[in-house]
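Contents: one structure, followed by commentary.
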Amino acid sequence: MDNEQWESSEGTIHSTEKKYGELTVFLGASSGVGKTYAMLEAACIKQKEGQYVLIGWLEEYDRQENKERIKELPNIKPRLIQDEEHHFFEMDIEEILNRHPQLVLIDELAHSNAPGSPRAKRYRDVEAILMAGIDVYTTINIYEVESLKDIVSKIIGMEVNETVPDKFLEHASQIRLVDSPSDEILRRFQEGKIRTISKNIDARKFFRLGNIIALREMALRYAAGQVDQQLDEYMHSNKIPGPWPVSEKVMVCVSASPFSKQLIRMARQMATSLKAEWIAVYVETPRRLPKSEQERLALSSNLQLAEELGATVRTIIGNSVAEEILELARSQNVKQIVIGKPRYSRIWEWMHGSVVNQVIRNSHEISVHIIPGQVERYNDIRHVTVSRENLKWSPYFIITASVVLLTILLRIFGLSFDLVNIALLYLFPVLFGSVRWGIGPSFYAAGIGVLAFDYFFVPPVYSLTVSDLRYLISFAVFLVVATLTASLASRLRHQLLEVRQREAITSTLYALSRQMTAVTDLSAALKSMERQISETIGAQVAIYLPSETGELRLTEFSSGDLNWGQREPAMVIVKWVYRNGEIAGNGTHNLRDSPDLYLPLKTEDQIHGVLAVHLKNQDLVVTPDRMQLIEALTSLSAMAIARIKLQEEAKVVHLTAESERLRTALLDSISHELRTPLATIIGSVTALIDGDAVFSSNDRHELLSTIREGAMRMNRLVTNLLGMVRIESGMLRLRKHWCDLEDIVGVALTQVKDSLQNRVIRLAIDESIPPIEVDDVLLEQVLVNVLNNAIKYSPDRSEIVLSAKKNINVIEISIRDEGAGIPPLELGRIFSKFYRGESTRNIPGTGLGLAICKGIIEAHEGTIRATENSPKGTIITISIPLFDPPLLRNENLQEEGVKTS
């Protein structure tokens, strides 16, 4: 059972889950061929082999043979979805995922889910099940394949509304063709065994002999194509030589027209038959800008359909549609172009030009496939009439007023000008109109300019007639010059707007990426993300991140109405997006009824949170370009969050490693330092207890001295450890008061007296040293640690010199020894924690003494350093700031006051 175990038919799987399940599609020409029965038979075989099989959704159609098979398999009850007026039953996908079978049966793949379902289509539910590592058996009819929709509509005379994208079917591991003779299918329909076909399809018109034969041929061809594709993949994977054809590229031209959907499906079919990549391109020009929200939505829908069917979608901004199409085709090595030919009148084509003719004329080596279209209603409105919503009268009033004012000025002051100069002056309103408002107002300016010039300045004046026919040529030249000038100015204006838009997008992405690179704090990064994304797309933004318990919470949000991001419907969608890692909401295929847009903050291996964009009450349409921008900003944000999290994890790992290293060093050093004095103390005490009658008073005194020395050694160790803890935790607090340095030195010498053995300490303290403001206990600890180091590393019968003197505003205390010395490279490292020189590793110690000294002296705002002693040994120099005592300070202040007075 593939290393998987399960308990009974209703049990729970305990297995190593697959990363992605396998999809098996049972394909038929139409309902009634036996797809569901074939699927049930195959599932029963899998169950007998030991697999855990569940029925997720099945249409029984009151067929006895199906009911007998259904009894052998466990079934999941459907989920009830209801509103105020209707109720529906749909597949319970959550229950399927919770029970996690090895194989699940789902009938009617092309089904559209009821309103209120998490996903709009059943194939989306199947996709989520496959992503959970569950195998799926499903059924589909050939007329429900998206790319065959138009062909099927022509065959059966009706439109099919429920389809499945070809791109989804390409992921199927197997496509099993289920076929029956045509007369057998018709007989089953006449006997009432076939009840439903698809929504909006008349079964009586559908079940005709010609329709069934044509659909059977399409199913056979489709299945054969899939087998041929699997054969090619097998030959490639096994490196079997063969006559591999050079793959071509197909490009389809897309617009906002509903006819574009047919072009897209035909291009998909052509690319499939040629086994070629294909591109869907939309060219945006000043004349082809979507004029209304209806057109923008239609364009977005067309481009989304192309993307669903597997096309690479490209949006190009330019001035000439034909030139941009051919330039992209040549740069992408496209060999086939699919383009539609609208049925416009010859007059319209003469006025506006024909994109199709231009493409054919300049295509050269590229094959162009012309698909005749139909006259689109909204196209007639767009090209023949002008809607009130888009018509702006103010530019025409301003141009009319400017021409009138120019005419009055020329009549008053310009009658002495040549007519050529006057005609040139009428070009100013044309230029102004084209730069400011576009090509329409500029043409209007050219027209009324010619009329004004003819009426007021061309003889005979105050008449539209001309005395000299040569003026007609002048008028024509003026109109041509005005038209060309207006076109160029309008193009420049459009290009300027494009450059500004692109520059704004590029600047936003660059600013966000640079800020995300520099910011190391997650809170600051989230604020920067929210601000940049909100300003770029012009809508409110909310960012949701999981808490420590794993529950999503609103972490950062834009100013404004915050209730939309905290309401229950929004939180449900946020959790769904976080769990499934898919985009949902407005403009997507998941939960599209939501007015907002939700995107997962996802990197390759992890989902870090969810970004929500509030589109309600906003004049925003989620076009492909806008969606690409939002996705780019989301990807940058996700990478920034991942980078900050990785940095935090790296810090934790570094601190853990450092703590482990310090712990190991501490245990290694302390274990020896503790065992040695403890063993000495225990041995001496044991000897005193067991041999009290044997030892003389001198022996007892020597043993007690040994015990005291071991105890003092342990006391110094504990004192150093506690001191280091206080320094590292920031709990070191100085208790300063005025002290005499000689008293502090005397106490320190008393503590190290027993450790001197045959060594000698010589004092050289300047008598002029004033009182110092220090923590005497801590300074004594510093002197004791330094002196113990000097004693430990000095040879027997050597001299140690402790000197102190005043040097400007500091007191310098130096301790010189005649030991082996410290290598120059190690002089700056001896004050580090647990540091032991290579030449002194055999000498007992923890390496904490000098580190504690450094912490204490720096707390006094002083310094401590090590230098070489000539000819041998080391000098430790301590510098402590010198301040005036309170009494002397008051006297100085009084003297200054007397001098001032």
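If the requirement is being in the same structural domain as VAL777 (by TED's automatic domain parsing), closer than 22 Å to VAL718 by Cβ and either at pLDDT 85 or above or assigned to a helix (DSSP H, G or I) (or both), which of these qualifies: GLY855, GLY847? I'd like the intermediate steps shown before the answer.
Working: GLY847 fails: either at pLDDT 85 or above or assigned to a helix (DSSP H, G or I) (or both).
Result: GLY855 is the single residue among GLY855, GLY847 that is in the same structural domain as VAL777 (by TED's automatic domain parsing), closer than 22 Å to VAL718 by Cβ and either at pLDDT 85 or above or assigned to a helix (DSSP H, G or I) (or both).
Look through ILE140, ILE134, ILE151 and report the one residue that is in contact (Cβ under 8 Å) with a residue 40 or more places away in the chain and touching a His at 6+ places or on another chain (Cβ under 7 Å). Answer to the check: ILE134.
Would you be able to say whether some residue in the stretch 747-766 is outside any loop (DSSP other than H, G, I, E, B), touching a Phe, Trp or Tyr at 6+ places or on another chain (Cβ under 7 Å), in the same structural domain as GLY821 (by TED's automatic domain parsing) and under 22 Å from GLU861 (Cα atoms)? Checking the stretch 747-766: not a single residue is outside any loop (DSSP other than H, G, I, E, B), touching a Phe, Trp or Tyr at 6+ places or on another chain (Cβ under 7 Å), in the same structural domain as GLY821 (by TED's automatic domain parsing) and under 22 Å from GLU861 (Cα atoms).
Taken as a whole, the condition of being touching a Phe, Trp or Tyr at 6+ places or on another chain (Cβ under 9 Å), assigned to a strand (DSSP E or B) and either at pLDDT 80 or above or surrounded by fewer than 17 Cβ atoms within 10 Å (Cβ to Cβ) (or both) applies to VAL613. Of all residues in the stretch 423-471, those satisfying the criterion of being surrounded by fewer than 12 Cβ atoms within 10 Å (Cβ to Cβ), aliphatic (A, V, I, L, M) and out of contact with any helix residue (DSSP H, G or I) (no Cβ under 7 Å at 6 or more places or on another chain) are VAL461, LEU469. If you check MET714, MET724 for being among the hydrophobic types (A, V, I, L, M, F, W, C), touching a Pro at 6+ places or on another chain (Cβ under 8 Å) and either surrounded by 14 or more Cβ atoms within 10 Å (Cβ to Cβ) or at pLDDT 75 or above (or both), only one passes: MET714. Per the conditions (1) touching a helix residue (DSSP H, G or I) at 6+ places or on another chain (Cβ under 9 Å); (2) of a type outside the set (A, V, I, L, M); (3) under 18 Å from VAL25 (Cα atoms); (4) in contact (Cβ under 8 Å) with a residue 40 or more places away in the chain, the sole criterion not satisfied by ASP125 is (4).
What number of residues within the stretch 429-465 satisfy the criterion of being of a type outside the set (Gly, Ala, Ser) and touching a residue at least 24 places away in the same chain (Cβ under 8 Å)? Before the answer, list the steps.
Filtering the stretch 429-465 down to residues of a type outside the set (Gly, Ala, Ser) leaves 429-432, 435-437, 439, 441, 443-444, 448, 450-451, 453-462, 464-465.
So of that shortlist, the ones also touching a residue at least 24 places away in the same chain (Cβ under 8 Å) come out as 429-432, 435-437, 439, 441, 443-444, 448, 450, 453, 456-458.
Here the count works out to 17.
Under the condition of being assigned to a strand (DSSP E or B) and over 38 Å from the mean Cα position of the chain (by Cα), the residues counted in the stretch 69-83 number 1.
Comparison of LEU552, LEU562 shows that the only residue that is within 42 Å of the chain's Cα centre (by Cα), at pLDDT below 75 and assigned by TED's automatic domain parsing to the domain that holds ARG643 is LEU562.
Among the numbered criteria (1) hydrophobic (A, V, I, L, M, F, W, C); (2) assigned to a helix (DSSP H, G or I); (3) surrounded by fewer than 20 Cβ atoms within 10 Å (Cβ to Cβ), which one does MET158 miss? Only one criterion in (1) hydrophobic (A, V, I, L, M, F, W, C); (2) assigned to a helix (DSSP H, G or I); (3) surrounded by fewer than 20 Cβ atoms within 10 Å (Cβ to Cβ) is unmet by MET158, namely (2).
Being under 23 Å from SER147 (Cα atoms), crowded, with 17+ Cβ neighbours inside 10 Å and modelled with pLDDT under 80: is that true of GLU277 here?
On the way: under 23 Å from SER147 (Cα atoms): yes; crowded, with 17+ Cβ neighbours inside 10 Å: yes; modelled with pLDDT under 80: no.
Against the criterion (under 23 Å from SER147 (Cα atoms), crowded, with 17+ Cβ neighbours inside 10 Å and modelled with pLDDT under 80), GLU277 does not qualify.
I'd like the full set of residues that are surrounded by 15 or more Cβ atoms within 10 Å (Cβ to Cβ) and assigned to a strand (DSSP E or B), limited to the stretch 791-805. Even if it seems obvious, please write down each step before you answer.
Here is the first cut: in the stretch 791-805, the ones surrounded by 15 or more Cβ atoms within 10 Å (Cβ to Cβ) are 791-794, 798, 800-804.
Residues satisfying the conditions are ILE800, VAL801, LEU802, SER803, ALA804.
Take the conditions (1) at positive phi; (2) modelled with pLDDT of 80 or more; (3) not hydroxyl-bearing (Ser, Thr, Tyr); VAL313 misses just one of them, which is (1).
The single condition from (1) part of a helix (DSSP H, G or I); (2) within 28 Å of ALA306 (Cα to Cα); (3) modelled with pLDDT of 85 or more that ALA42 fails is (2). Could you please give the count of residues in the stretch 797-825 that are without any contact (Cβ under 8 Å) to a residue 60 or more places away in the chain, of a type in the set (Asp, Glu) and in contact with a Ser or Thr (Cβ under 7 Å, 6 or more places away or on another chain)? Residues flagged as without any contact (Cβ under 8 Å) to a residue 60 or more places away in the chain, of a type in the set (Asp, Glu) and in contact with a Ser or Thr (Cβ under 7 Å, 6 or more places away or on another chain) within the stretch 797-825 amount to 2. One residue is enough: does the stretch 21-44 have a residue meeting the conditions free of Cβ contacts under 8 Å to residues at least 24 places away in the same chain and not charged (D, E, K, R)? Within the stretch 21-44 (the criterion being free of Cβ contacts under 8 Å to residues at least 24 places away in the same chain and not charged (D, E, K, R)), the answer is no, since none of the residues qualifies.
The values are calculated or read from the model by the stated rules, or taken from the named source; none is laboratory data. Just so it is clear, the structure is predicted and the values come from calculations on it, not from any experiment. Because the Cβ atoms are built from the backbone with ideal geometry, glycine has one as well, and the counts that use them run over all protein chains shown.
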